[in-house]
């Protein structure tokens, strides 16, 4: 009997899924969703061939300055990214929005950092940064708080562009200095790429 790689791969992913279901009652909710995400992302990585493109720190910093009007701190020299369509595929079942928000221990900065780290770990996609800025009231434009979220480099219509991504609810929109996020305005003050 001839064994096919795809059959063994399918069996492996079914076993991983069974294992995560078995330990669900034994771990915290955030631990369970982290495990589920890694399994899902590995399966998606095995099934989809996402093509990464490369840019450098100088080009990325310049794009942030041109499009958003703020500084970018780039801690690597090379950055990888993909098309907007492929980015949407990657986050189509992203788990970060399922995690429980915990004041001062797992809040916006942790969501944004975790999203960047997992994107880089699983996909090799380090073209997503943590954006820091103020949240403005849509009516008065008064500052109502400060926030961390993601700034994502993608290719759209053969051009490099930046999008803001809210990892707590998967909202994605073209990045500007003051970006309308539907519920409020995010004023980006700095972006960190690492």
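Looking only at region 21-37, residues that are in contact (Cβ under 8 Å) with a residue 12 or more places away in the chain and either touching a helix residue (DSSP H, G or I) at 6+ places or on another chain (Cβ under 8 Å) or exposed (fewer than 11 other Cβ atoms within 10 Å of the Cβ) (or both) come to 6 in all. Restricting 112, 131 to residues that are in a helix (DSSP H, G or I) and at pLDDT 95 or above narrows the list to 112. The residue pairs whose first member lies in region 82-103 and is closer than 17 Å to residue 124 by Cα, whose second member is in a loop (DSSP other than H, G, I, E, B), and whose beta carbons are closer than 6 Å, counting only pairs six or more residues apart or on different chains, are 82/50; 82/52; 86/50. Restricted to helices (runs of 4 or more DSSP H) entirely inside region 1-106, those with at least 3 residues that are in the same structural domain as residue 121 (by TED's automatic domain parsing) and touching a strand residue (DSSP E or B) at 6+ places or on another chain (Cβ under 6 Å) are 57-67.
Counting only strands (runs of 3 or more DSSP E) that fall entirely inside region 136-194 and contain at least 2 residues that are within 24 Å of residue 125 (Cα to Cα) and under 12 Å from the mean Cα position of the chain (by Cα), the qualifying elements are 143-156, 159-166, 171-174. Being more than 13 Å from the chain's Cα centre (by Cα) and not assigned by TED's automatic domain parsing to the domain that holds residue 34, is that true of even one residue in region 119-133? Yes; the residues of region 119-133 include at least one that is more than 13 Å from the chain's Cα centre (by Cα) and not assigned by TED's automatic domain parsing to the domain that holds residue 34.
The values are calculated or read from the model by the stated rules, or taken from the named source; none is laboratory data. Being a predicted model, the structure only gives us computed values, none of them experimental. Every residue, glycine among them, receives a Cβ derived from its backbone with ideal geometry; neighbour counts consider all protein chains shown.
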